[in-house]
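Take a look at the structure below.
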Amino acid sequence: QVQLVESGGGLVQPGGSLRLSCAASGSTFSIYAMAWYRQAPGNQRDLVATISNGGNTKYLDSVKGRFTISRDNAKNTVYLQMNNLKPEDTAVYYCKAVATPRDYWGQGTQVTVSS
């Protein structure tokens, strides 16, 4: 089993920044990639960014150049640095551990971008 605890969400003005954290515990040896997803009300859950154990990253086109995913393997923590935030980034952000034999989800953290 893997447990994921997210933190760092909140209310920010357009153009502002936030850093989300996701700390993993338990059977972390089974994890081979981490990801951030987001879901706005009435919308599907979308993949925002992924990072492999080797450090390879991928991003949703609309966040490229603004968001950065990174990981601290010693702390079993993955981060999502979000800069130049826009109102359309408002959503609940979820962390996912891609693991064997199954994936795990965090509880989600709300990000609201509003003036």
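Which pairs turn up if I take residues in segment 91-103 that are at pLDDT 95 or above and look for partners that are outside any loop (DSSP other than H, G, I, E, B) and charged (D, E, K, R) with beta carbon separation below 9 Å, at least 6 apart in sequence or on another chain?
Pairs found: Ala91/Arg38; Ala91/Asp46; Val92/Arg38; Tyr93/Glu6; Tyr93/Arg38; Tyr94/Glu6; Tyr94/Arg38; Cys95/Glu6.
Can you confirm whether Asn53 is more than 18 Å from Leu4 (Cβ to Cβ) and in contact with a Phe, Trp or Tyr (Cβ under 8 Å, 6 or more places away or on another chain)? So that I can check it myself, show each step before the final result.
Working: more than 18 Å from Leu4 (Cβ to Cβ): no; in contact with a Phe, Trp or Tyr (Cβ under 8 Å, 6 or more places away or on another chain): yes.
Considered against the rule, which asks whether it is more than 18 Å from Leu4 (Cβ to Cβ) and in contact with a Phe, Trp or Tyr (Cβ under 8 Å, 6 or more places away or on another chain), Asn53 comes out as no.
Considering only residues that are within 18 Å of Val113 (Cβ to Cβ), touching a Gly at 6+ places or on another chain (Cβ under 9 Å) and part of a strand (DSSP E or B), look in segment 6-36 and name the one that is modelled with the lowest pLDDT. Spell out the reasoning first.
Of segment 6-36, the ones within 18 Å of Val113 (Cβ to Cβ) are 6-20, 36.
From what is left, the residues that are touching a Gly at 6+ places or on another chain (Cβ under 9 Å) are 6, 9, 18-20.
Subsequent filtering for residues that are part of a strand (DSSP E or B) retains 6, 18-20.
Details: Glu6: 94, Leu18: 98, Arg19: 98, Leu20: 98.
Checked segment 6-36; the qualifying residue modelled with the lowest pLDDT is Glu6.
Tell me, please, whether a residue that is over 15 Å from the mean Cα position of the chain (by Cα) and either of a type outside the set (S, T, N, Q) or over 16 Å from Ala49 (Cβ atoms) (or both) can be found in segment 78-86.
From segment 78-86, those over 15 Å from the mean Cα position of the chain (by Cα) are 84, 86; that's our starting set.
Now restrict to residues that are either of a type outside the set (S, T, N, Q) or over 16 Å from Ala49 (Cβ atoms) (or both): 86.
For segment 78-86, residues over 15 Å from the mean Cα position of the chain (by Cα) and either of a type outside the set (S, T, N, Q) or over 16 Å from Ala49 (Cβ atoms) (or both): present.
When you look at Arg38, is it surrounded by 15 or more Cβ atoms within 10 Å (Cβ to Cβ), among the charged types (D, E, K, R) and either out of contact with any strand residue (DSSP E or B) (no Cβ under 9 Å at 6 or more places or on another chain) or closer than 15 Å to Lys96 by Cβ (or both), yes or no?
Numbers: surrounded by 15 or more Cβ atoms within 10 Å (Cβ to Cβ): yes; among the charged types (D, E, K, R): yes; either out of contact with any strand residue (DSSP E or B) (no Cβ under 9 Å at 6 or more places or on another chain) or closer than 15 Å to Lys96 by Cβ (or both): yes.
Here the answer is yes, as Arg38 does meet what is asked.
Could you please give the count of residues in segment 65-91 that are open to solvent by less than 50 Å² (accessible area, probe 1.4 Å) and closer than 14 Å to Val12 by Cα?
The total comes to 5.
The values are calculated or read from the model by the stated rules, or taken from the named source; none is laboratory data. Computed from a prediction, not measured in an experiment: that's the story for all the values here. Glycine also receives a Cβ, built like all others from the backbone with ideal geometry; neighbour counts cover every protein chain displayed. Ligands, DNA and RNA are stripped out before the accessible areas are found, and what is left, the full protein with its side chains, is counted by its heavy atoms. Shrake-Rupley method; radii C 1.70, N 1.55, O 1.52, S 1.80 Å.
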